[in-house]
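Here is the structure we will look at, set down as C-alpha cells.
No lab work stands behind these numbers, since they all come straight from the coordinates. Predicted, not measured: the structure shown is a model, and the values here were computed from it. Virtual Cβ from ideal backbone geometry, glycine too; neighbours counted across all protein chains shown.
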Protein chains: 2
Amino acid sequence: MSDSVQMDLSASLEDYLEAIFRIVQEKSAARAKDIGKRLKVSRSSVTGALHALAQRELINYAPYDLITLTDKGRAVAEDVARRHEVLRDFFVKVLAVGREDADEAACKMEHAIPDAILDRFLDFVEFVERCPRGGSKWIKGFGYYCDNDNKTGNCEKCVELVLDEVRSRTTGKAADGRTSASLGEMKLGEKGVIVRISGTGGIRRRLLDMGATAGTLVEVERVAPFGDPIEVKIKGYHLTLRKDEAERIAVKLI
Amino acid sequence: MSDSVQMDLSASLEDYLEAIFRIVQEKSAARAKDIGKRLKVSRSSVTGALHALAQRELINYAPYDLITLTDKGRAVAEDVARRHEVLRDFFVKVLAVGREDADEAACKMEHAIPDAILDRFLDFVEFVERCPRGGSKWIKGFGYYCDNDNKTGNCEKCVELVLDEVRSRTTGKAADGRTSASLGEMKLGEKGVIVRISGTGGIRRRLLDMGATAGTLVEVERVAPFGDPIEVKIKGYHLTLRKDEAERIAVKLI
DNA sequence: GCATAATGTACGGCGTGCCGAACATTTGGT
DNA sequence: ACCAAATGTTCGGCACGCCGTACATTATGC
C-alpha cells in the first residue's frame, strides 16, 4: 500500500543507510567518522556496515573514498526516512509529544512498525489535520475513512466529507481568500485537498501509485524561485513536480 | 511514570518471558515445546533462553522439570504484557485496526516503544473512551489533558471535564440507571471514573503509584462469585482488589 | 616535501540468538 | 516392567553486530 521498496535490511543497516542519507543531505559527502558519531558506534563498525551496504549495491563505496548513495540506496533510505517522519509527525501532532522525544522514539520504532500500522498513523494525522472539528463523529469518522474510502482509492464519500469540512470552516482559507486552485498556484506552506488530476503522464501514475487520489491532503514544502519546480508532501512522500505538471492537479485550498 | 519494573532484558528474552506468562495463564504449566511453538524457534533455542532467564531469577527452572515464573519474573512479564495490551488497545480502539493485525503489530513494537510514548498511547485511548463527543476541543483537549492534568496527578480540571461529559451523555449509564457507586458495587464490564479514594492503606498507595488518581477510568474485568475479589483494569494495569478495599473507592459510572 | 595528525581499514575476539544433530530423560502404552 | 515416542538438553556451528588494537592511507601544517 505505502511502501514501494523493501530490501529486507536489518534494523542496524537501515540505521546506517538513514544516517548516510541525512549526512549527505547536510554536507553532500559522508565520512565514516560522521556516521560513527551519529550512530554512536566505532569507526571499525562503520567499515563493516559499509561493506554490507556496498555488497547490496545501496552505496557507492571504495576504500578511503567518500561515500554516496546509489539510486537504489537513496530509494531505500527515503523510505526509512519517511517512516521516521510519519511516526514523528504522529507523536507530535496527535500525541502532543515534544519534538525531541518524538524523534528519539521514532528512531527506535521505525524498524519495528508494520506498514499497515504506519499507514494508519499517517492517515490519522491527515484526518486530524483535515477534520479538526469533527464533533462526535470524529473517531467513528476516522474508522469509516480507513475502512471504506482509502481502500477503494476512489474516495468519493471522502471528498464530499472533506469538502464539507472545508466549506464549513470559517478560518483556514488561504491568506488571500482563494479557495480553489491548481497545485502550481499554491504558495509555500499552503495545504489543499486534491480534487482532480488531469494529466495523463508519469505524474498521474506516480501520484496514483502512492495512493494520492482525489481527497488526498497535499502540502507545499518548497518552491523554487520561479515556482518551478515545486516540492510537495503527499501521504508522507516528498515529491518534486515541474510547474506544468503541478498545474494539471486541481485542489481545494484548506 | 508507568513502569515499575525494568530488568534490561533483550527483546528476545522478553518474548520468552511473555510466552511463558501466557502459557502458564492458559495451562498452568509451561513446557519447552509449547514455548518453542509459540515463538517459532527450536527446542534447543528454548533451553538456552531458559538458562538465561533462570540466571536472572525470573523463572523457576530445573532440567526436565516444569517451568513457572518467580514473583520477579511474573512482575516483568506482566509489564511486558501490559505494554502489548496498551499498544493493541490503541491500534484497535483508535486506529481501527483488526484485532489480529493489532496483536501482531503490538508483538513487534512492544520492545521498541519508550515508556513516555506508551503512556501517551494509553492516555489517548482513555481520552477517547471518556470523551467521545468532545467536538472541536477533541484534540486540543487531549494535549491539555496530557500536559496539565496528568502531570499534576491532581487532575481537578480533568475530573470536572469528565463529569460534565458523563452528565451530558444520554446513554451509557449503568443498566439500572445508577450513576455513582463504589467500585465494590460495580458489575462485570461496567466502567467508571474514580472520584475519591478513601482508604489509607496499601491499596491507596498502589493506586497512586500507578497514576490512578481521581479522574482515572476504571473497568471491571472479572468478579468472583461473591464479589470478592474483584479484578479491575486501571491505566493498563490489571489489579485485584478485595471487596472492602474496592468499597473505599468512589466512582461515577459511565 | 615531509612529518605528524586525522581518518579509514583489517583482524581477532566477544556476546547474542538461532539452528541441527546427537544424546538424555520422561511419558505412555502394553 | 519395559520399550518406543515424545520431550528436553548439550554441543558445535553459524550469522550478526559490536569493539579495540594494530596497521594503512590521506590530510594538514610547516
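The table for this structure:
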{"quantity": "Residues (within 16 Å of DNA strand D (Cβ to nearest atom), loosely packed, with under 15 Cβ neighbours inside 10 Å and touching a residue at least 12 places away in the same chain (Cβ under 8 Å)) located in segment A:63-91", "calculated": "A:66"}
{"quantity": "Segment A:21-58, subset farther than 23 Å from residue A:108 by Cα and surrounded by 14 or more Cβ atoms within 10 Å (Cβ to Cβ), residue farthest from DNA strand D (Cβ to nearest atom)", "calculated": "A:54"}
{"quantity": "Leading residue by the ranking (nearest to residue A:113 (Cα to Cα)) among those in segment B:114-127 that are crowded, with 20+ Cβ neighbours inside 10 Å and within 7 Å of chain A (Cβ to nearest Cβ)", "calculated": "B:117"}
{"quantity": "Filtered residue count, segment A:92-113, keeping only those that are part of a helix (DSSP H, G or I), within 9 Å of chain B (Cβ to nearest Cβ) and either aliphatic (A, V, I, L, M) or crowded, with 21+ Cβ neighbours inside 10 Å (or both)", "calculated": "4"}
{"quantity": "Verdict on residue B:18 being under 22 Å from residue A:106 (Cα atoms), surrounded by 20 or more Cβ atoms within 10 Å (Cβ to Cβ) and within 16 Å of DNA strand C (Cβ to nearest atom)", "calculated": "no"}
{"quantity": "Positions within segment B:24-43 being assigned to a helix (DSSP H, G or I) and more than 13 Å from residue B:64 (Cα to Cα), in sequence order", "calculated": "B:24, B:25, B:26, B:27, B:34, B:35, B:36, B:37, B:38, B:39"}
{"quantity": "Condition met for residue B:61 (away from DNA strand C (no atom under 11 Å from the Cβ) and of a type in the set (Phe, Trp, Tyr))", "calculated": "yes"}
{"quantity": "Any hit, segment B:44-54, residues being over 30 Å from residue B:207 (Cβ atoms), in contact with a strand residue (DSSP E or B) (Cβ under 6 Å, 6 or more places away or on another chain) and more than 13 Å from DNA strand C (Cβ to nearest atom)", "calculated": "no"}
{"quantity": "Strands (runs of 3 or more DSSP E) within segment A:208-254 that include 1 or more residues of a type in the set (Lys, Arg)", "calculated": "A:217-223, A:230-234, A:249-253"}
{"quantity": "Test: residue in segment A:66-88 that is in a loop (DSSP other than H, G, I, E, B) and within 14 Å of another protein chain (Cβ to nearest Cβ)", "calculated": "no"}
{"quantity": "Which listed residue, of B:200, B:216, is among the polar types (S, T, N, Q) and closer than 22 Å to residue B:117 by Cα", "calculated": "B:216"}
{"quantity": "Condition met for residue A:6 (part of a loop (DSSP other than H, G, I, E, B), away from DNA strand D (no atom under 12 Å from the Cβ) and not small (Gly, Ala, Ser))", "calculated": "yes"}
